[in-house]
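Heads up, the thing below is written out as structure tokens.
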Amino acid sequence: MNETFTVYLAPHGFLQELIDEINTNIICSKGHLILVKGSPKKFAWAQNTWLSPRFIPISSITDGAKKLLSIQRNWWLHSENHHRRATLIQQQLPYVSAKKLHFGEIPPQTPLGSWTLWEKDIILASPDCSSVFPDGVITFHENKIEPPSRAYLKLWEVFTRFSFVPSYKELCIDLGASPGGWTWVLAKLGSSVISIDKAPLASHISSLPNVEHYTGSGFRFTPLHIGNVDWIFSDMACYPNKLYNFIQPWIINKNCHTIICTLKLQGKPSNSTLSCFKKIQSSYLIHLSYNKHELTWIYSTKYPLVML
């Protein structure tokens, strides 16, 4: 293939969402890999982006391994077909670990290429990818004792991928906080947390000394009610349009430097809705490894949004 193209990897179960988001210039797809004409672009539903893909003809398993190693050392196999043959090639490459991270641990720093056996004797490989994590997926050693829900993993992932966390005693507002998964993360970091929800927090979260809980709808709390804060977090179950309207005063009036929200998507997501969030300057829309049928939107005027 002589023309420039990019390969996008869709998260498991969300191939159609990525196809709909890309919309044009799709060459073909195989499994969860989508080949698209042109240079790389940011797509929220792309789990990983292969930035410099090329087809490599091979004559044998050993030849395939040698040709990959002639490009670079570290490769991750994304297997869609010819699984046994692909595995035998990968076994001749240096071992790459996909170990779980402890939150706060420094993530991998070495670039990681991705490849697949496109046909029996043709490798599709990219030495450069958008993520340093294998297939763009990050997994953690989970805390199954303290947090009252698994939602905390989404915040762990955001903080790890973008290399920032709230500073000690910064003021954080957690909207739709119950039962307190995100509040737990923020409190453990030493932030001052105001949690807001119609439902109560788990008792061991509400009793934390740096947590204040208010009963009510998160949408009632605007800059007029609260004034300036450092961070706003929202994992509320609501329509994306309603969330978009809610965040506008905070951005326009510059009352907050960083906002992290979950966009809960009911049914087929509207590209026009997603486009509204994408167009906001200093923001990033992503499907996290720990997102389900939802996306995470990050906005910051304090931190550069460079994702690992």
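Rule-based calculations on the coordinates, nothing more; no lab input. Predicted, not measured: the structure shown is a model, and the values here were computed from it. Every residue, glycine among them, receives a Cβ derived from its backbone with ideal geometry; neighbour counts consider all protein chains shown.
In table form, for the structure just shown:
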quantity	calculated
Selected from His225, His213, His32 as most flexible by GNM, with the chain as the system and alpha-carbon contacts under 10 Å	His225
Stretchable slack from Arg220 to Ile71, in nm (0.36 nm times residue separation minus alpha-carbon distance)	48.1 nm
Entries in Lys30/Lys292; Lys42/Lys242; Lys144/Lys279; Lys37/Lys292; Lys41/Lys188 that, when Cα-Cα distance is taken, lie over 31 Å	Lys144/Lys279; Lys41/Lys188
Order of Glu105, Glu17 under a 10 Å beta carbon neighbour criterion, fewest first	Glu105, Glu17
Order of Arg220, Arg85, Arg54 under a 10 Å beta carbon neighbour criterion, fewest first	Arg220, Arg54, Arg85
Separation of alpha-carbon centers, the stretch 6-74 and the stretch 136-172, rounded to whole Å	29
Approximate spin-label separation Asp121-Glu212, in nm, with each point projected 7 Å along Cα-to-Cβ	7.2
Extension gain, His141 back to Lys188 (0.36 nm per residue minus Cα-Cα distance, nm)	15.3 nm
Trypsin sites (Lys or Arg not before Pro) within the stretch 149-209: DSSP coil, no more than 14 neighbouring Cβ in 10 Å	Arg150, Lys169, Lys198
Relative exposure of Met236, Met307, judged by other C-beta atoms within 10 Å (fewest first)	Met307, Met236
